[in-house]
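For reference, the structure is listed below as structure tokens.
The values are calculated or read from the model by the stated rules, or taken from the named source; none is laboratory data. All values derive from a computational prediction rather than experimental measurement. For neighbour counting, all protein chains shown are included, and Cβ atoms are generated from backbone atoms with ideal geometry for every residue, glycine included.
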Amino acid sequence: MRTEFLRFNGAVERDPAIDTWMKEHASGLGAIAHQWFEVMRKCGDEVRELLHDGCPVACLGDAPFGYVNVFTSHVNVGFFHGAPLPDPARLLQGTGKFMRHVKLRPGTATNAAALSRLIDSAYSDMNARVENG
């Protein structure tokens with residue numbers, strides 16, 4: 001059975017628009033977003049990126065697995081197929097059919113190990129989807 005999933009045209013190895021976005025969001029919230037987007041960038045050699053709907057998106061090839069976005073008082077670290085991800089630390093929020101996110105706030109402790117595992121899981125999950133799709 002073929003699994004359908006979202007794909008984006010235009011993902012590149014390093015998108016200068018994302019570096020510009022990071023410079024424009026250089027506040028404390030932007031630093032949080034940058035930290036976690038760097039984790040996504042380091043998931044594997046096939047990670048590509050693009051700016052989509054105004055936020056940095058990490059893809060496996062052309063298949064998005066994660067994003068970051070800055071809001072007024074928090075940062076979302078989101079996952080395009082977050083609903084089925086293992087989340088024993090219960091970090092994921094959202095009730096959509098597919099997407100889930102983790103909200104990070106300055107001054108609030110983050111379970112960095114658990115969030116890193118979610119990012120790794122999202123990348124691995126997308127890798128399996130791409131290989132089986």
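Could you list, in sequence order, all residues of the range 28-38 that are touching a residue at least 40 places away in the same chain (Cβ under 8 Å) and either surrounded by fewer than 20 Cβ atoms within 10 Å (Cβ to Cβ) or more than 13 Å from the chain's Cα centre (by Cα) (or both)? Write out each step before concluding.
Within the range 28-38, the first condition is being touching a residue at least 40 places away in the same chain (Cβ under 8 Å), and the residues that meet it are 28-30, 32-33, 36.
Answer for the range 28-38, where residues must be touching a residue at least 40 places away in the same chain (Cβ under 8 Å) and either surrounded by fewer than 20 Cβ atoms within 10 Å (Cβ to Cβ) or more than 13 Å from the chain's Cα centre (by Cα) (or both): Gly28, Leu29, Gly30.
In summary, Tyr123 fulfils each of the numbered conditions (1) hydroxyl-bearing (Ser, Thr, Tyr); (2) within 19 Å of Leu29 (Cβ to Cβ); (3) not in a loop (DSSP other than H, G, I, E, B) with the single exception of condition (2).
For every residue, the table says whether it meets (1) among the small types (Gly, Ala, Ser); (2) in contact with a Pro (Cβ under 9 Å, 6 or more places away or on another chain); (3) modelled with pLDDT under 95.
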{"residue": "Gly10", "(1), (2), (3)": "yes, no, yes"}
{"residue": "Gly54", "(1), (2), (3)": "yes, no, yes"}
{"residue": "Gly61", "(1), (2), (3)": "yes, no, yes"}
{"residue": "Phe65", "(1), (2), (3)": "no, no, no"}
{"residue": "Val70", "(1), (2), (3)": "no, no, no"}
{"residue": "Pro106", "(1), (2), (3)": "no, no, yes"}
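Among the residues making up the range 43-61, those that are touching a helix residue (DSSP H, G or I) at 6+ places or on another chain (Cβ under 9 Å) and either charged (D, E, K, R) or assigned to a strand (DSSP E or B) (or both) are Glu46, Val47, Glu49, Leu50, Leu51, Cys55, Pro56, Val57, Ala58, Cys59, Leu60.
Could you please find all residues in the range 6-41 being more than 23 Å from His74 (Cβ to Cβ) and not in a helix (DSSP H, G or I)?
Applying the first criterion (more than 23 Å from His74 (Cβ to Cβ)) to the range 6-41 yields 6-16.
Correct list: Leu6, Arg7, Phe8, Asn9, Gly10, Ala11, Val12, Glu13, Arg14, Asp15.
Could you tell me whether Pro16 is modelled with pLDDT of 95 or more, out of contact with any Leu (no Cβ under 7 Å at 6 or more places or on another chain) and surrounded by fewer than 18 Cβ atoms within 10 Å (Cβ to Cβ)? It is true that Pro16 is modelled with pLDDT of 95 or more, out of contact with any Leu (no Cβ under 7 Å at 6 or more places or on another chain) and surrounded by fewer than 18 Cβ atoms within 10 Å (Cβ to Cβ).
Out of all the residues in the range 109-118, is one or more in contact with a Ser or Thr (Cβ under 7 Å, 6 or more places away or on another chain), surrounded by 13 or more Cβ atoms within 10 Å (Cβ to Cβ) and not small (Gly, Ala, Ser)? Spell out the reasoning first.
Our first condition is that a residue be in contact with a Ser or Thr (Cβ under 7 Å, 6 or more places away or on another chain); within the range 109-118, this holds for none.
No, there is no match, as no residue in the range 109-118 is in contact with a Ser or Thr (Cβ under 7 Å, 6 or more places away or on another chain), surrounded by 13 or more Cβ atoms within 10 Å (Cβ to Cβ) and not small (Gly, Ala, Ser).
In the range 43-57, the residues that are surrounded by 15 or more Cβ atoms within 10 Å (Cβ to Cβ) reach residues that are polar (S, T, N, Q) with C-beta atoms within less than 6 angstrom, at least six apart or across chains, in these pairs: Cys55/Asn69. Scanning the range 72-108 for residues that are basic (Lys, Arg) and in a strand (DSSP E or B), we see that the one that is surrounded by the most Cβ atoms within 10 Å (Cβ to Cβ) is Arg100.
Across the range 2-13, the qualifying residues are those that are touching a Lys or Arg at 6+ places or on another chain (Cβ under 9 Å) and touching a residue at least 60 places away in the same chain (Cβ under 8 Å), and the one among them that is surrounded by the most Cβ atoms within 10 Å (Cβ to Cβ) is Phe5.
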